[in-house]
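Report on one structure; see the data block that follows.
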Amino acid sequence: MNLPAVALELAAATVLLLYAVSLVKKGVETAWGDLVARTVGGAGGRPRAAVCGCLVAIALQSSTAVAMLAAGFAISGALALDVGLAVLLGADLGSALVVKILSFDLHWLGPLLIAGGGLLHLKAHTRKAVEAGRAVLGIGLLLLSLQMIGHATLPLAQSPLLPSAIAFIGKDALTVMILAAFFTWALHSSVAAILLILTFAAKGLVPLDVGIPLILGVNLGGGLIALWLTRGLPVEGRRLPLGNLLFRAVFSAMIFAVFLLHARFDWLPGGTVAAKLVNLHLLFNAALVLIGLLSCGLMARFVRLLAPEATGESDLTAHASALDRALIDKPAQALAAAAREVLHMGNLTTRVLEPVMTVIQSPTPEAVKALRRIDGDIHRAHSEIKLYIAAVNRGVLTDEQSRRGIELTEAAIHLEYAGDVVAKSLLQIAEERLAGAGAFSLEGWRELMLLHAAVFSNVRLAANLLVSPDPIIAREMVRQKEHVRRLVDDSSKSHLERLRQGIAASIQSSDMHLEIVRALKEVNSLVTTMAYPRLRETGDLLESRLIPAA
């Protein structure tokens with residue numbers, strides 16, 4: 001056996017596996033990111049939250065991605081801690097279902113998905129189709145990587161070296177479990193870790209008594225990933241992965257204690273060791289969802305005790321302004337610092353807009369107050385940027401620097417106005433709903449959610465434009481504005497038709513419906529103006545829609 005060649009092939013297959021998982025995640029997030037975010041943010045009660053988390057994890061093939069999304073909603077106040085924990089438990093089950101599906105013999109499907117997904121990604125003309133092709137291509141490469149791993153492990157199965165090493169390590173089950181947890185954390189993918197273990201088990205390299213602590217360790221390590229990635233977030237964002245890790249740790253410890261008592265696990269369904277291990281992984285997470293739904297409230301209270309609002313926390317996690325007064329007489333550096341602050345304003349605007357529909361649908365005083373705090377941060381950032389650039393303009397600037405200063409000031413003004421629209425219109429509606437205002441019709445709410453998704457997509461494009469002033473992004477923003485205009489027209493016509501038909505819910509919510517449409521349209525118009533300077537530079541923007549006079 002050529003051990004270096006086997007190790008290289010196994011390493012390459014593992015990297016391809018990780019890359020394939022990231023392709024699927026990126027493709028789904030880009031093509032259907034707004035739907036994914038709304039699904040997580042609008043989770044509702046605990047059972048529905050678990051289902052939402054499960055579905056999103058299946059789509060993204062990553063429970064960690066769901067944890068990061070949920071943490072963002074928890075920070076904004078749009079997702080309660082106990083509901084967020086249910087989302088994460090559901091996501092863990094969704095990740096286990098992905099592993100179960102991939103454990104079947106799907107080698108015939110890989111080439112088909114690679115060919116179809118690759119062609120769609122290369123030849124499609126719309127962004128959503130291109131990213132959908134990326135996701136399909138990722139699934140195909142994932143299946144190919146599993147075949148590569150299986151091929152690489154064949155020589156290992158025929159060699160006495162690795163089985164002997166595994167038998168030696170397997171004498172200390174606790175060490176095996178801890179090593180599996182840290183291996184999963186290092187890979188940053190519990191799906192990849194489980195699939196590697198299953199491949200080794202299928203080749204006869206991992207017996208059942210070693211595989212069980214490995215599976216428990218992977219489930220524990222999966223919780224460590226999200227906790228590590230959220231370590232720099234405010235305490236509201238850190239509590240969710242902490243609670244999820246505690247659920248996993250307690251349940252893993254219980255199963256491990258039963259295992260140490262020499263309980264037999266032959267009852268697990270499956271004719272092979274690999275089948276028994278994947279079913280153990282699935283049953284583990286399914287049982288954890290059932291137990292967690294009953295005890296999420298208790299765990300939420302315990303987590304708040306472990307991660308309280310620390311004194312001075314706001315100072316430690318507060319945004320550090322990039323507006324350095326020492327750079328005022330250095331226009332190039334000062335404008336770069338101002339650009340960073342405008343980007344911060346863009347991020348704040350996305351944070352206040354993203355959960356606002358969820359807050360309107362299911363308002364709480366805490367959620368409204370949290371979004372108003374973010375609007376206050378937008379106001380302060382706008383004022384500081386405006387004064388800072390005015391001070392820079394008192395120096396000697398080139399024409400390019402003067403133009404850049406004007407662009408940044410206008411961008412800050414538009415973002416501040418957009419935040420005002422959300423605070424004065426949309427959050428006002430949320431407060432009316434708190435006071436008992438009527439609910440929306442199902443069709444009307446669907447229209448509003450579609451409009452919000454389109455507007456939020458444009459706000460994210462505006463934030464991207466601040467980072468990379470690419471004319472392609474600017475053109476996409478203007479195209480998206482036209483899409484929003486069509487949605488507004490369609491919604492207005494449909495709403496008037498529902499009023500004509502006398503639908504009670506539409507009549508009761510008519511003022512709120514029209515106000516939300518108007519507000520979202522205004523936000524979209526404000527952020528789209530940020531694209532115009534780029535399009536003027538490239539000659540892609542008409543000065544007027546009017547036909548020239550004869």
Result of the Cβ filter at 7 Å on the range 5-25, keeping first residues that are touching a residue at least 12 places away in the same chain (Cβ under 8 Å) and partners that are not aliphatic (A, V, I, L, M) and not in a helix (DSSP H, G or I), at least 6 apart or interchain, is 18/189; 21/61; 21/62; 21/189; 24/61; 25/61; 25/62
Here the residues within the range 314-351 that are modelled with pLDDT under 85 and open to solvent by less than 20 Å² (accessible area, probe 1.4 Å) are 322
Among all residue pairs at least 6 apart or on different chains, which show Cβ distances below 8 Å where the first residue, located in the range 368-382, is farther than 21 Å from residue 323 by Cα and the second is crowded, with 21+ Cβ neighbours inside 10 Å and among the polar types (S, T, N, Q)? 370/76; 371/76
Can you pull out the residues in the range 254-265 that are more than 14 Å from residue 287 (Cβ to Cβ) and without any contact (Cβ under 8 Å) to a residue 24 or more places away in the chain? 257, 261, 262, 263, 264
Before we move on, is residue 49 over 24 Å from residue 131 (Cβ atoms), modelled with pLDDT of 80 or more, surrounded by 24 or more Cβ atoms within 10 Å (Cβ to Cβ) and under 18 Å from the mean Cα position of the chain (by Cα)? yes
Quick check on the range 275-303: of everything there that is within 24 Å of the chain's Cα centre (by Cα), under 16 Å from residue 250 (Cα atoms) and among the hydrophobic types (A, V, I, L, M, F, W, C), which residue is surrounded by the most Cβ atoms within 10 Å (Cβ to Cβ)? 296
Just the residues that are within 22 Å of residue 134 (Cα to Cα) and modelled with pLDDT under 85, please, taken from the range 67-99. 68, 69
Between residues in the range 407-421 that are closer than 12 Å to residue 347 by Cα and residues that are assigned to a helix (DSSP H, G or I) and among the small types (Gly, Ala, Ser), which pairs lie under 7 Å by C-beta distance while being six or more apart or on different chains? 415/346
Tell me which residues, restricted to the range 499-549, are among the charged types (D, E, K, R), at pLDDT 85 or above and surrounded by 18 or more Cβ atoms within 10 Å (Cβ to Cβ). 521
Six or more apart or on different chains, Cβ atoms under 6 Å: show the pairs whose first residue is in the range 150-161 and more than 14 Å from residue 197 (Cβ to Cβ) and whose second is modelled with pLDDT of 70 or more. 152/6; 152/9; 152/10; 152/13; 155/6; 157/203; 157/204; 157/205
What number goes with the only condition from (1) more than 24 Å from residue 305 (Cβ to Cβ); (2) free of Cβ contacts under 8 Å to residues at least 40 places away in the same chain that residue 277 does not pass? (2)
Specify which of the listed residues (249, 226) is under 22 Å from residue 173 (Cα atoms) and out of contact with any Phe, Trp or Tyr (no Cβ under 6 Å at 6 or more places or on another chain). 249
Residue in the range 165-179 that is modelled with pLDDT of 85 or more, of a type in the set (Phe, Trp, Tyr) and either touching a Cys at 6+ places or on another chain (Cβ under 7 Å) or on the phi < 0 side of the Ramachandran plot (or both) present: no
Only one residue in 238, 248, 301 is more than 25 Å from residue 99 (Cα to Cα), at pLDDT 90 or above and of a type in the set (Lys, Arg). Which one? 301
Residue 436, sole failed condition from (1) assigned to a helix (DSSP H, G or I); (2) under 24 Å from residue 362 (Cα atoms); (3) more than 24 Å from the chain's Cα centre (by Cα): (1)
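Conditions tested, residue by residue: (1) among the charged types (D, E, K, R); (2) more than 30 Å from residue 70 (Cβ to Cβ); (3) modelled with pLDDT of 90 or more.
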position: 207; (1), (2), (3): no, yes, no
position: 213; (1), (2), (3): no, no, yes
position: 217; (1), (2), (3): no, no, yes
position: 226; (1), (2), (3): no, no, no
position: 231; (1), (2), (3): yes, no, no
position: 252; (1), (2), (3): no, no, yes
position: 260; (1), (2), (3): no, yes, no
position: 270; (1), (2), (3): no, yes, no
Residue 237 meets each of (1) open to solvent by 10 Å² or more (accessible area, probe 1.4 Å); (2) in contact (Cβ under 8 Å) with a residue 12 or more places away in the chain with one exception, condition (1)
Those residues of the range 84-114 which are surrounded by fewer than 17 Cβ atoms within 10 Å (Cβ to Cβ) and in contact with a Pro (Cβ under 8 Å, 6 or more places away or on another chain) amount to none
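The values are calculated or read from the model by the stated rules, or taken from the named source; none is laboratory data. Since we're looking at a predicted model, the values are computed, not measured. Cβ sites come from the backbone with ideal geometry, for glycine too, and all protein chains shown count toward neighbours. The protein model used for the area step is the full one, side chains on, heavy atoms only, and it has no ligands, DNA or RNA in it. Shrake-Rupley method; radii C 1.70, N 1.55, O 1.52, S 1.80 Å.
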